[in-house]
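Every read-out reported here was derived from the displayed coordinates using simple, explicitly stated rules and does not represent laboratory data. What you are looking at is a predicted structure, and each value in this text was computed from that prediction instead of being measured. Note that each Cβ is placed from the backbone with ideal geometry, even for glycine, and that neighbours are counted across all protein chains shown.
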Amino acid sequence: MFTKLTRYALAALSLFVAKQGFAQWDAWYAASKTPHEEVQLIQVRDGVVEPVLISRTAPDQNPKYLLLLFPGHPGIMKLREENGRIVFELLGNFLLRARRHLVDVETATVSIDAPTDEYCCFEDHFRLGEKHAKDIGKIIDALKIRFPESRIYLVGTSNGTVSVASLAARLPDKIDGAILTASATVALGRAPYLSGFDFGQIKVPTLFVHHRDDGCVVCPYARARDISSKYGFPLITVTGATNPTGDPCQAYSHHGFRGREKETMAAILKWVKSRDVTETIN
């Protein structure tokens, strides 16, 4: 049985760990945030909400371009507010950690969480299905109420490209274009990713972005190059890195454009605004 002193010690230790955790979170968040961010909970079905993180230069900004970001696996941010802080998982994901490089006086981003009833799994069969498309359609409708003049682009990375490709095919009247970075195009186990997807269904302007040395087994550069060539999608090839680390399918490897975040986001914005393609980022 714990003594009273031991219980006090454990309580003090727990408080210290919590404070350290918050301090670490604050440092991570400060490195990626934009000048103004807010969480919006959007009801997509009865009893189901889908949280989104809106990132802008100012609270009164009415962006010309609104980029909806779909992060990589598992795509479950669990976005929320705690003790006055915006908190979410997957902060290291390429799109989430580098979102600040997409935000400017004309452009805002909306980071898309999984719907709350998919916090268990958010698997590809859902991403490729009609229910997901209807959910995102409702999110776009809600955003257009707030930002009626905004042009809507979908941006996915890795597993998030499964959502973006399917949504681009299913929601052509609601979006202005799609960007697929580090596309997941090879099946693995029970996950089909985009291995059987017909890219010919996509009729909106679409951009592929891929690191030439992406070592992730489900995201080979050669496959992205072949798809972009076959269907006439422009491709931005990224090269080089700064201290890539970790598993080849993780966010701080070539797969996550480590050390090329700013240049990659600048090239994406350039295409969104002008359709000019930076074919190679060295």
Query - the chain - mean residue ellipticity at 222 nm from DSSP helices (-39,500 (n - 2.57) per run, n ≥ 4, rounded to 500) - result: -10000 deg cm²/dmol
Requested in this report: In nm, give the distance between the simple-model label positions of LYS230 and LEU91, each being 7 Å from the Cα along the Cα-to-Cβ direction.
Outcome: 4.0
Report task. Name all residues of segment 218-244 having a backbone nitrogen under 17 Å from the label point set 7 Å from the Cα of ALA187 along its Cα→Cβ direction, giving them as ranges. Result -> 218-220
Report task. With r as the distance between the Cβ atoms of ASN62 and LYS203 and R0 = 25 Å, compute the FRET efficiency 1/(1 + (r/R0)^6) and round to 0.05. Result -> 0.35
Report summary line: Here, trypsin sites (Lys or Arg not before Pro) of segment 58-122 satisfying both criteria (DSSP loop; at most 13 other Cβ within 10 Å) are LYS78
Query raised in the report: What full-extension length gain, to one decimal in nm, is calculated for LYS262 and THR245 as 0.36 nm per residue of separation minus the Cα-Cα distance?
Result: 4.3 nm
Query raised in the report: Could you give the Stokes-Einstein D for segment 155-282 in µm² per second, using the C-alpha Kirkwood radius, 20 °C, 1.002 mPa s?
Result: 148
Query raised in the report: How long are the semi-axes of the ellipsoid equivalent to segment 64-127, from square roots of 5 times the Cα gyration tensor eigenvalues, in whole Å, largest first?
Result: 21, 15, 11
Query raised in the report: Fully extended, how many nm does the chain gain between ARG275 and ASP173 (0.36 nm per residue separation, minus their Cα-Cα distance)?
Result: 34.8 nm
Query raised in the report: What's the angle, to the nearest 10 degrees (0 to 90), between helix 130-146's Cα axis and the longest principal axis of the chain?
Result: 80
Query - Inter-part distance where segment 33-73 and segment 168-184 are each reduced to a Cα centre, Å - result: 17
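How big is the Cα convex hull of the chain in projection, averaged over all directions, in nm²?
17.0
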Query raised in the report: Farthest toward the dipole's positive end in segment 161-282, which of VAL204, GLN250, THR181, given Cβ charges of +1 (Lys, Arg) and -1 (Asp, Glu) about the Cα centre?
Result: VAL204
Query raised in the report: What is the helix-to-structure angle for 221-231, meaning the angle in degrees between its Cα long axis and the longest Cα principal axis of the chain, kept from 0 to 90 and rounded to the nearest 10?
Result: 40
Query raised in the report: Using a basic spin-label model with each label point 7 Å from the Cα along Cα→Cβ, how many nm lie between GLU130 and LYS78?
Result: 3.3
